[in-house]
Amino acid sequence: MPRALLAVLLTLAVAAGCAGRASAGGFSGGKLSVVTAFYPLQFLSERIGGDAVTVTNLTKPGAEPHDVELNPRQVAQVADAGLAVYLAGFQPAVDAAVEQEAKDRSFDVSSVVELLPYSGEESEDGSKDPHVWLDPVRFSTIAGALGERLAGADPAHAADYRARAKAMQNQLHDLDRAYAESLATCRRHEIVTSHTAFNYLATRYGLTQIGITGVSPEAEPSPRRLAKVAAQARATGTTTIFFETLVSPKVADTIAREVGARTAVLDPLEGLTDPRQDYFTVMRANLAALTTALGCTS
Ligand SMILES: [Zn+2]
């Protein structure tokens, strides 16, 4: 979205918000209003916030979050939030709205974990890889910090927030153990993925990510890139080309056909496509897909 248009929308949103604002001081109906930028942050906020918060997610279910745009109503929701939870550098429209409307009531989750540079060919511009939630250890650090931020925004429920954050950290610790134990027993360690979302996961568990399309899941890879990935897949004995749920599997299919591999889903959890699933069920499904693809024995 052009900057000028965004500025106009923000101004309209502020005007609209001031005219009929239902909430005061970041609370609505006695609950802390939490606005989250995309699914994994929504999940953490709902679990740790419990019934003391109402959570509004800015990336709609099934939508791809990288290029999310906000309408004036959503910008007003950011302005009304008691806490805005986001990841700076991932979604420019969210960054702009938080900067303008909620700078003093925001939690940038990238401020509490070390970010990695993008792996491979995407690293040229020096930007950091945002996909931290795919590392359960970093996600646990974020969970603990979020508990503290909620406690600060709503001191009356501080003990509850801290207790639920601790429970979440325990669950994430179990998930990390499951990943570490299973992925220590694999015959292969290379994962070919349609979008390079899995650098944190790969780094944590000793895998090598070979990305097809790069950082932006919608980008079309060049024939040269496709040929290179196919050669790497053959050289490493890859049996599975991974694609993700929110983007067409066409590119993964092309490579899979070329190298005689099958395709399978590895979900980067940027949005939830099935409301019966959650962060943990998808991460467990991802682990099952990885152990099958990599020939792991447990
Ligand atoms: Zn992504």
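The values are calculated or read from the model by the stated rules, or taken from the named source; none is laboratory data. In this text, all values refer to a predicted model and were calculated from it rather than measured experimentally. Cβ sites come from the backbone with ideal geometry, for glycine too, and all protein chains shown count toward neighbours.
Each row is one residue, and each column tells you yes or no for (1) within 16 Å of the ligand (Cβ to nearest atom); (2) without any contact (Cβ under 8 Å) to a residue 40 or more places away in the chain; (3) polar (S, T, N, Q); (4) surrounded by fewer than 17 Cβ atoms within 10 Å (Cβ to Cβ).
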position: Thr54; (1), (2), (3), (4): no, yes, yes, no
position: Ala76; (1), (2), (3), (4): no, no, no, no
position: Ala88; (1), (2), (3), (4): yes, yes, no, no
position: Glu99; (1), (2), (3), (4): no, yes, no, yes
Which one of these does Val247 not meet: (1) in contact with a Ser or Thr (Cβ under 8 Å, 6 or more places away or on another chain); (2) at positive phi; (3) not small (Gly, Ala, Ser)?
-> (2)
Might you let me know whether the range 46-53 holds any residue that is modelled with pLDDT under 95 and in contact with a helix residue (DSSP H, G or I) (Cβ under 6 Å, 6 or more places away or on another chain)?
-> no
Taking the range 123-147 as the search range and keeping residues that are more than 12 Å from Val109 (Cα to Cα) and charged (D, E, K, R), which one is nearest to the ligand (Cβ to nearest atom)?
-> Asp129
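Listed here are the residues, each with its yes/no results for (1) buried (at least 22 other Cβ atoms within 10 Å of the Cβ); (2) over 19 Å from Ala202 (Cα atoms); (3) hydrophobic (A, V, I, L, M, F, W, C).
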| position | (1), (2), (3) |
| --- | --- |
| Ile241 | yes, no, yes |
| Pro249 | no, yes, no |
| Thr273 | no, yes, no |
| Phe280 | no, no, yes |
| Arg284 | no, no, no |
| Leu294 | no, no, yes |
| Ser298 | no, no, no |
The residue that is farthest from Ala231 (Cα to Cα), considering only those in the range 170-208 that are among the polar types (S, T, N, Q) and buried (at least 20 other Cβ atoms within 10 Å of the Cβ), is Asn199
Could you name every one of the strands (runs of 3 or more DSSP E) located completely within the range 158-272 that has at least 3 residues being away from the ligand (no atom under 16 Å from the Cβ) and either out of contact with any Lys or Arg (no Cβ under 6 Å at 6 or more places or on another chain) or at pLDDT below 95 (or both)?
-> 262-265
